[in-house]
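A.B. asks: One structure is given below, represented as structure tokens, and several questions about it will come after.
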Amino acid sequence: MKLNERSLAFYATCDSPADNAGFLYKRGERHTAYHRRWFVLKGNMLFYFEERESREPVGVIVLEGCTVELCDSAEEFTFAIRFSGAKSRTYVLAAESQAAMESWVKSLSRASFDYLRLVVRELEKQLEEMRWGPAGGCGGCRQLPGSWKPKPSGPERSPERLPALPRHLPKGDGVYPSSRAWAWVRSGPPSASKL
């Protein structure tokens, strides 16, 4: 996907919710003085602005292939965004409080797609354990994972004995369009012959 300055500036300032936002002190690359900047984290992009009301970001840091770590520094509440590679830049930032620093380190550490990929893998693993048990099997059965089917609760129900769907589906807010729905709520769905 191609990104240009205009689309990045629009994304940085549009109404989509930010994952984190606030003032941080950013150490310059050449001049090591710290400058107070307004930072906005959206997805894996960390935008920074001269002021909170600025219309365009001064810069953007794409948070892929980086680590976020605390720094030993003369300034309090300092942390760094480090990229791997010989000539990669390290961004040194300082928060205004311990709580703000912890919040930023946590949200920046979770911003990359690598982190999200790990979360998805862990959730998939937990789902498989729920389906098959911790050993990866289902109580000794030898079925393949794709052949798993939920067991019906109660007595076996054949497709012919399942209740028919109502003729009118609920609206988006879950309200049924006819008063017949109240009868359904009280006595269960009607059979196909009653529709």
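A.B. asks: Give the Rg/Rh ratio for region 1-58, taking Rg as the radius of gyration of the Cα atoms and Rh as the Kirkwood radius, to two decimals.
C.D. replies: Rg divided by Rh gives 0.99.
A.B. asks: Something else now. Leaving out ligands and nucleic acids, and using a 1.4 Å probe, what accessible area per residue does region 17-114 come to in Å²?
C.D. replies: Per-residue accessible area for region 17-114 comes out at 58 Å².
A.B. asks: If you roll a 1.4 Å probe over region 1-90 with all protein chains in place, what percent of the accessible area is carbon or sulfur?
C.D. replies: 47
A.B. asks: For region 102-112, in order, what is each residue's ³J(HN,Hα) by Karplus, 6.51 cos²θ - 1.76 cosθ + 1.60 with θ = phi - 60°, in whole Hz (x at glycine and Pro)?
C.D. replies: 4, 4, 5, 4, 5, 5, 5, 5, 9, 7, 7
A.B. asks: Another question, then. What translational diffusion coefficient, to the nearest whole µm²/s, does region 4-124 have by Stokes-Einstein, given a Kirkwood radius computed over alpha-carbon pairs, a temperature of 10 °C and 1.306 mPa s viscosity?
C.D. replies: 106
The values are calculated or read from the model by the stated rules, or taken from the named source; none is laboratory data. These numbers come from a predicted model, not from an experiment. Accessible surface areas use protein heavy atoms only, side chains included; no ligands, DNA or RNA. Shrake-Rupley method; radii C 1.70, N 1.55, O 1.52, S 1.80 Å.
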